[in-house]
Amino acid sequence: MALHEVRPREGAGAVSLLPQFTRPGELGEVPRDRIPETGLPPDTAYQLVHDELLLDGNARLNLASFVTTWMEPQARRLMDECLDKNFIDRDEYPQTTELERRCVRMLADLWSAPADGPATGCSTTGSSEACMLGGLALLHRWRERRGDEARGRPNLVMGANVQVCWDKFCRYWDVEPRQVPLGPGRLHLTADGAVAHCDENTIGVVAIMGSTFDGSYEPVAEIAAALDRLHEERGLDVPIHVDAASGGFIAPFLDPGIAWDFRIPRVQSINTSGHKYGLVYPGIGWIVWRDRQALPKELVFGVDYLGGEMPTFALTFSRPGGQVAAQYYNLLRLGREGYRRVQQACRDTAMWLASKIAGLGPFELLSNGSAVPAFAFRLRDDVRNYSVFDVSAELRRYGWIVPAYHMPPKLEDVAVLRIVVRNGFSHEMAELLLGHLERVVHELERTGGRHPEPRATGFHH
């Protein structure tokens with residue numbers, strides 16, 4: 001979460017109340033950063049907070065985020081019914097726990113878990129927590145494998161395009177992040193790059209199904225084959241964790257012929273975001289390990305559950321059960337065919353929009369939305385009087401949030417725009433965006449840019 005400083009006298013300001021909400025003689029304001037001495041009527045408090053939130057962006061027009069911004073009213077109703085259920089209290093809410101178990105089994109089946117497993121898994125607050133759990137399992141398995149020979153600092157191999165949660169994992173648990181550099185024509189991890197960075201202290205390789213930078217799949221099968229050869233030649237047995245935060249709910253339905261999941265023996269764990277292409281509102285992720293051996297016993301805690309004991313593994317505690325109920329709702333409501341139709345519609349819209357943007361003139365595509373329905377594009381080298389940061393800023397005048405950012409190290413001189421197509425972003429909305437982008441381009445070609453480039457590089461949303 002974001003850190004906020006508290007400075008002296010910073011809380012001296014006040015928030016004004018509308019005259020309709022005050023009686024004669026009452027103050028028409030409340031402290032901004034201090035708890036007021038007396039409270040407000042519920043309608044007044046609601047209106048004050050509601051009006052402040054109007055300054056947020058429109059979530060449906062936020063093309064920066066992979067996170068779900070639309071669900072059916074029946075799913076919202078289920079979530080409302082579960083708001084007061086603390087999901088950590090397994091004994092009090094056994095049926096919510098049962099729905100979680102069913103979701104884990106469905107995902108294990110979706111990702112081709114071995115029939116003789118048994119696969120094991122759990123829900124999380126999102127794919128970032130799931131990545132942390134996957135990394136912890138890799139770290140402890142490495143210690144088990146190395147035993148007394150576990151000397152030196154452990155390392156984790158991944159592409160420089162990984163989501164920031166992997167940098168956090170490495171920092172929090174003192175693991176060396178071995179990020180394989182990108183380069184022209186190489187926007188994600190390759191098999192050769194992964195193997196070249198592995199040694200006896202490598203706890204695992206992270207392969208991404210759906211890069212946050214350009215939406216592409218990393219070649220999991222090729223990486224696994226290269227690691228198999230490394231094992232044969234040097235005796236280094238390096239497992240793979242697949243970060244399928246976005247692709248875990250895309251590839252099984254749209255690309256069943258691509259081997260990336262538990263069909264590959266070297267893949268030991270997979271995570272995904274239920275609140276991305278799992279189509280649930282924010283607050284749900286999933287992780288599945290291929291079998292019990294992939295999750296070290298010392299990481300698992302037992303809690304009392306219906307007179308027995310239930311194994312748990314988490315970094316967070318209290319949270320509502322609504323997201324689990326909503327995920328189960330979607331799996332039942334849509335089925336495999338429904339998910340396929342929804343994701344295909346997103347991909348078709350992304351690829352159509354990418355092709356139209358490429359045809360506008362000043363832009364070049366880095367990807368086209370044919371994997372995860374997201375794509376990145378840049379300005380041609382001969383466009384010099386404005387930047388992608390100008391394009392992003394001007395699109396905000398129409399309400400669109402389209403991020404502009406520099407690519408990771410070794411490609412940091414390349415600045416791009418990225419568009420994520422989610423369920424609810426229709427073809428008609430894509431046509432509106434295209435029309436607004438054309439206007440922005442014409443205006444910038446006439447006036448030139450005026451927005452400075454940000455100092456920070458990279459984008460990790």
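The values are calculated or read from the model by the stated rules, or taken from the named source; none is laboratory data. What you are looking at is a predicted structure, and each value in this text was computed from that prediction instead of being measured. Ideal geometry is used to build each Cβ from the backbone, glycine not excepted, and the neighbour counts take in all protein chains shown.
Does VAL342 meet the test of being out of contact with any strand residue (DSSP E or B) (no Cβ under 8 Å at 6 or more places or on another chain), at pLDDT 95 or above and closer than 30 Å to LEU189 by Cα?
In short, yes.
In this structure, is PHE389 under 29 Å from GLY274 (Cβ atoms), among the aromatic types (Phe, Trp, Tyr) and either in contact with a helix residue (DSSP H, G or I) (Cβ under 8 Å, 6 or more places away or on another chain) or at pLDDT 95 or above (or both)?
no
Mind listing whichever residues of the stretch 350-404 are touching a strand residue (DSSP E or B) at 6+ places or on another chain (Cβ under 8 Å), within 30 Å of ILE258 (Cβ to Cβ) and part of a loop (DSSP other than H, G, I, E, B)?
The answer is LEU366, SER367, ASN368, GLY369, ALA371, VAL372, PRO373, VAL402, PRO403.
Out of the residues in the stretch 398-433 meeting the condition of being of a type outside the set (A, V, I, L, M) and under 20 Å from ALA358 (Cβ atoms), tell me which one is surrounded by the fewest Cβ atoms within 10 Å (Cβ to Cβ).
Here the residue is HIS427.
From GLN293, GLN323, grab the single residue that is of a type in the set (S, T, N, Q), surrounded by fewer than 16 Cβ atoms within 10 Å (Cβ to Cβ) and not in a strand (DSSP E or B). Give the derivation first.
Values: GLN323 fails: surrounded by fewer than 16 Cβ atoms within 10 Å (Cβ to Cβ).
Just a single option satisfies the conditions, and that option is GLN293.
Of the residues that make up the stretch 427-449, is at least one assigned to a loop (DSSP other than H, G, I, E, B) and either under 20 Å from ASN62 (Cα atoms) or without any contact (Cβ under 8 Å) to a residue 40 or more places away in the chain (or both)?
No: zero hits.
Pull out all pairs, ordered by first then second residue, where Cβ-Cβ is under 7 Å, the residues are six or more apart or on different chains, the first lies in the stretch 118-140 and is charged (D, E, K, R), and the second is in a strand (DSSP E or B).
GLU129/GLY285
Name the residue that is surrounded by the most Cβ atoms within 10 Å (Cβ to Cβ), counting only residues in the stretch 354-386 that are without any contact (Cβ under 8 Å) to a residue 40 or more places away in the chain and touching an Asp or Glu at 6+ places or on another chain (Cβ under 6 Å).
ARG378
Let me confirm something: among VAL157, VAL180, which residue is within 22 Å of the chain's Cα centre (by Cα), within 25 Å of LEU366 (Cβ to Cβ), assigned by TED's automatic domain parsing to the domain that holds GLY278 and without any contact (Cβ under 8 Å) to a residue 40 or more places away in the chain?
Unique residue meeting the criteria: VAL180.
Output the residues belonging to the stretch 434-448 that are under 13 Å from TYR398 (Cα atoms) and exposed (fewer than 13 other Cβ atoms within 10 Å of the Cβ).
Within the stretch 434-448, the subset under 13 Å from TYR398 (Cα atoms) is 434-440.
Listed by number, the list holds a single entry, GLY435.
Can you tell me which residues in the stretch 96-147 are out of contact with any helix residue (DSSP H, G or I) (no Cβ under 8 Å at 6 or more places or on another chain) and over 28 Å from PHE253 (Cβ atoms)?
LEU139, TRP142, ARG143, GLU144, ARG145, ARG146, GLY147 - these are the residues of the stretch 96-147 that are out of contact with any helix residue (DSSP H, G or I) (no Cβ under 8 Å at 6 or more places or on another chain) and over 28 Å from PHE253 (Cβ atoms).
Tell me yes or no: at least one residue of the stretch 299-306 is assigned to a helix (DSSP H, G or I) and in the same structural domain as TRP142 (by TED's automatic domain parsing).
Taking the stretch 299-306 and keeping what is assigned to a helix (DSSP H, G or I), we get 299.
Subset that is in the same structural domain as TRP142 (by TED's automatic domain parsing): 299.
Among the residues of the stretch 299-306, at least one is assigned to a helix (DSSP H, G or I) and in the same structural domain as TRP142 (by TED's automatic domain parsing), which makes the answer yes.
Going by what's in this entry, would PHE389 be described as of a type outside the set (S, T, N, Q), under 12 Å from LEU444 (Cβ atoms) and touching a residue at least 12 places away in the same chain (Cβ under 8 Å)?
Taking the combined requirement at face value, the residue satisfies it.
Can you find, within the stretch 108-132, the residue that is farthest from THR68 (Cα to Cα) among those that are out of contact with any Ser or Thr (no Cβ under 7 Å at 6 or more places or on another chain) and of a type in the set (A, V, I, L, M)?
That would be ALA115.
For ASP413, are the conditions met, namely being outside any strand (DSSP E or B) and either among the aliphatic types (A, V, I, L, M) or at pLDDT below 95 (or both)? Break it down stepwise before answering.
Working: outside any strand (DSSP E or B): yes; either among the aliphatic types (A, V, I, L, M) or at pLDDT below 95 (or both): yes.
Yes.
Can you tell me which residue within the stretch 228-243, out of those that are touching a residue at least 40 places away in the same chain (Cβ under 8 Å) and out of contact with any Lys or Arg (no Cβ under 9 Å at 6 or more places or on another chain), is surrounded by the fewest Cβ atoms within 10 Å (Cβ to Cβ)? Steps first, please.
As a first pass, look at the stretch 228-243 and keep what is touching a residue at least 40 places away in the same chain (Cβ under 8 Å): 237-239, 241, 243.
Next cut, out of contact with any Lys or Arg (no Cβ under 9 Å at 6 or more places or on another chain) only: 241, 243.
On the way: HIS241: 29, ASP243: 31.
By that ranking, first place goes to HIS241.
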